[in-house]
Amino acid sequence: MTGRRPEAFLAWSLLGWVLAGELLFGATTLPLGTAPDATRLGIRCLFGGGVLALAGGALLASPRHARLPRRWCFALAALPLLVLLQLCPLPVGLLRRIDPGAVALLADVWPGPVHGCGGKELIAASTSGWLPVSIDPVGTWRALFRIASALVAFAAGYTFFGRAGRRVRALAFAVAAFTALEAAYGLYEWRSPTPHVLWRLKTAYLDSASGTLINRNHFAMLLYLGASCTLVVLAARLREADPRGDRGREMMVRALLALTVGLQLAGIVATQSRAGTAVSLVVLAPAVPFLVRRGTGEVRGVAALVLAVLAVPVVVYVGPDLAGRLQELPSEWSGEASRGAVLRLSLPIVARFLATGTGAGSFEWIFPLYRSERIYGRYDYAHNDYLQQLVETGLPGLAAALLPAALFAAAAWKRWRRPDPLPEGWPIWGALAAVAAHEIVDFGLQIPAHAALVGLLAGASLPRASAAPSRRGSILLGAAALALAPMGLLFSVAGWPGAAERIPWPTIPERAYERSVAEFARWSSGEEEPGGSAALCRAIEAAASAQRARPMSARFASQESLLLLTAARSGLFGDEELPRSLEEARRATDLARRLDPWNAWIREKTMVAALELGDLEGAGEDARVAASRSAALARRIVRTLRQTGLPVLVIGEMLRPVPRAMTELIDRLFSEGAKEDLAALVPSDVTPSPDRCAIAHAVRRVLRGVHRLDPRPFLEGCLESARDDPVERDRLRVYLAQEHLRLGDVEAAERALAGADPALGFVRNARLEIADARGDWAAVVRLALALLDEGRGRHDPTREAWLRAKLGKAYAQQGRIGAALRQYERVRRLNPAFPRVDRIVTDLRHGTNPFEAP
């Protein structure tokens, strides 16, 4: 392929492929249905393979004079070669000298060997003395396709689009038109009552525009890249306008282009992305000095129109909100669960893996080892691409990643300072600077389509080099891209449902894990003949396969542990095999804890495994971590522990530091009617202590309901000891006031609440109860209406029903029977099981007050 027609076809096909990737969710995953939980196909590697094939072919078909200089070929190849080195298995002894951190991590995470199911090798032996640098080889392959496709797209953009001004304009026009349509679509869906992302119902960023992407920050990046392309077309129109042509038509075209920029900026504003909105102004930075120094009066007038279209939406719509959100940045970056915390917690990873990194694409699996208990969510990206590059590829990788950017900046600066006209694509330089700034707080270049589009635009806008082109370098780049392209297709298809079983390599860990879960479900449901164990054996093999493919996954380790314990309980192992299987289950359980120590879902799994292994101490630690995350998890943990048959005092000792879990345990014991267990857990002579006072509400319930004692002395003791925590003191005041009300002492209840913070919702609830008991119906109406107004927008039907019942009672006592009826009809709709609601509604319909004393 040496002719120009094949080169043009491949280059324009490359642009279409990149824009199609942007259209289809950024070329990340492709959902096969409209529901949020629909099956999704991973298309990252497929997209990368397509870019590599088209860009590589365009490089091979390019003429010799258009190819890249030698230094650029080296700069583009450096990072992909480094990532490939991370995938190469090395002798453990050599790797220990180069990267002792990786050896320490990987040496004890490989499973096996374990035999069972009639002597079959369920889990193969561990590595034979060879390990890769990467702790997640599959993730590193995926990152390689993304990185290589972006850099080869840069080379193709330079060799084809960059060598002719009209091609740059055509490229810019295509991207500008595409992003204008994206902006219009994003604005439409933003204002839609049921927003979608294409055919998929939108579930995230419902208050923001995101176009055909999921993340609003990535949508903002796409739009300011498009705005720079619109400026390329506009600058060309300004520079090449024919003074003898139709001035009216020309001004109309310019105004249309200016309004296109305004539409793109309006889309950026609607994303409500702070960084995206701020850096979008950088897109204008190269244009301003150019227009001031070299433009005519008419040119400056059109530029002023563009600036007005850009500035007005920013100032009017974003300015105040952006200022307010910028004021929140110090707290956001200094908080214990903020992006600043992610940065601080990542520094030890950088120090440990400075020479080689943990492997491209592995941040998601190394960060859980270092994160704090305050960070609940999953961080698959660092939200700082420079930091992530440093973690994953070390100092050499960061230098290799910045080398093309440094060469580009030097070439652009050198070209900017020359007096002759700038190249066609110079407005794109501002967008590239915006991307560089944006990536300090985001991960837009981790999206395959974004990375390829940035590479393509950067290559097209790079000033032509004075150095001689390197024929051999360009051919090697193109050939390497074509050789790597089929691997992208293979890695994508291997991860699609139904195809993974037919492709022996590569093993996609997510699919292997899903096969393990499916086979275990098949075995559990009894689909096999009675006594059959083939499905359980296959489940263990699939779980081990998933862990070998991704040895740093706590989820895979916990799955393997539970399956081995199930198999041991089911008699799948002989007398010789059983000890080794239990040892492997214990190892996998400990490994899951180490790999993700603060993941509540993982700790729930390891708790179950630890209980079966007889490790009560480990199970208690797991239970405490899991139960502290949410009420739903605490409920599940309590239910699981009760099903084990452990004594209630043992369970209480396990959960004692977690007030939420202890409260759930006491509630469950009440529902079971286990009064003896309640009496053992909370004795009648209970004294105030920090752990008891933390569950004062549950303790007073036991004292009153089981021991038939007055809980007020206990509450007063807790109140005395809670001097340093004003919120906890107010909560105890409320409990004490409720006990006084229960005994009919309204004045004592009012005294108990004296000094409580009226801004707290539970304090106002208690004051509402006191006003009800006192018969102050005007105060009840005032407090109930205020609380209902505060809760507007929240979906809490139980609380709303309670408040409306109080309001209805007050209206009835005031003689406003119609108003009371309307409130109780709402109560019945909100909570049909509300006490006496049907009887009260019937009485009110008959015009009688159901609350009057007979």
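The values are calculated or read from the model by the stated rules, or taken from the named source; none is laboratory data. On a predicted model such as this, the values are computed, not experimentally measured, just so you know. For neighbour counting, all protein chains shown are included, and Cβ atoms are generated from backbone atoms with ideal geometry for every residue, glycine included. Only protein heavy atoms, including side chains, enter the accessible area calculation; ligands, DNA and RNA are left aside. Shrake-Rupley method; radii C 1.70, N 1.55, O 1.52, S 1.80 Å.
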**OP:** Using only the Cα atoms of the range 777-853, build the gyration tensor, take square roots of its eigenvalues as a ≥ b ≥ c, and label the shape rounded, prolate or oblate: rounded if a/c is under 1.5, else prolate if a/b is larger than b/c, else oblate.
**Re:** oblate
Original post:
Taking the Cβ-Cβ separation of residue 724 and residue 395 as r and a Förster radius of 41 Å, what is the calculated FRET efficiency to the nearest 0.05?
Top reply: 0.30
Subject >> Three-way shape call for the range 653-694 based on the alpha-carbon gyration tensor, with the a/c threshold at 1.5 >> reply: oblate
Original post:
At what distance in angstrom do the alpha carbon centres of the range 725-744 and the range 769-783 lie from each other?
Top reply: 18
**OP:** Would you mind getting me the FRET efficiency between residue 369 and residue 846? Use the beta-carbon distance for r and R0 = 51 Å, nearest 0.05.
**Re:** 0.15
Original post:
Against the longest alpha carbon principal axis of the chain, how many degrees, from 0 to 90 and to the nearest 10, is the axis of helix 797-813 turned?
Top reply: 50
Subject >> Per residue solvent-accessible surface (Å²) - the chain, probe of 1.4 Å >> reply: 44
Original post:
Taking the highest mean first, how do the peptides 592-602, 25-35 order by number of other beta carbon atoms within 10 angstrom per residue?
Top reply: 592-602, 25-35
Original post:
Highest mean first, what order results for 68-75, 629-636 on Cβ atoms within 10 Å?
Top reply: 68-75, 629-636
Subject >> Acute angle (nearest 10 degrees) that the helix 817-830 long axis makes with the longest principal axis of the chain, alpha-carbon atoms >> reply: 60
Original post:
Of (1) -0.56; (2) -0.69; (3) -0.45, which is the value of log10 I(q)/I(0) by the Debye sum over Cα atoms at q = 0.06 Å⁻¹ derived from the coordinates here?
Top reply: (1)
Subject >> Mean Cβ neighbour count within 10 Å, used as a protection proxy, ranking 728-734, 351-357 highest first >> reply: 728-734, 351-357
Original post:
What accessible surface, in Å², does a 1.4 Å probe find on residue 120, ignoring ligands, DNA and RNA and rounding to the nearest 10?
Top reply: 90
**OP:** Could you tell me whether the range 682-774 comes out rounded, prolate or oblate from its Cα gyration tensor? Rule is a ≥ b ≥ c as square roots of the eigenvalues, rounded for a/c under 1.5, then prolate if a/b exceeds b/c, otherwise oblate.
**Re:** oblate
Subject >> Calculated FRET value between residue 417 and residue 617, using beta carbons and R₀ = 56 Å, to 0.05 >> reply: 0.20
**OP:** Using a 1.4 angstrom probe on the protein heavy atoms only, line up 552, 251 by accessible area, largest first.
**Re:** 251, 552
Original post:
How far is helix 631-643 tilted off the main Cα axis of the chain, in degrees rounded to 10, range 0 to 90?
Top reply: 60
Original post:
Ignoring any ligand, DNA or RNA, what whole percent of the accessible area of the chain comes from carbon and sulfur when the probe is 1.4 angstrom?
Top reply: 59
Original post:
Where the centroid of each part is defined by its Cα atoms, how far is the range 54-81 from the range 457-494 in Å?
Top reply: 5
**OP:** Tell me, for the chain, which Cys residues have no other cysteine's C-beta sitting closer than 4.7 Å.
**Re:** 45, 73, 88, 229
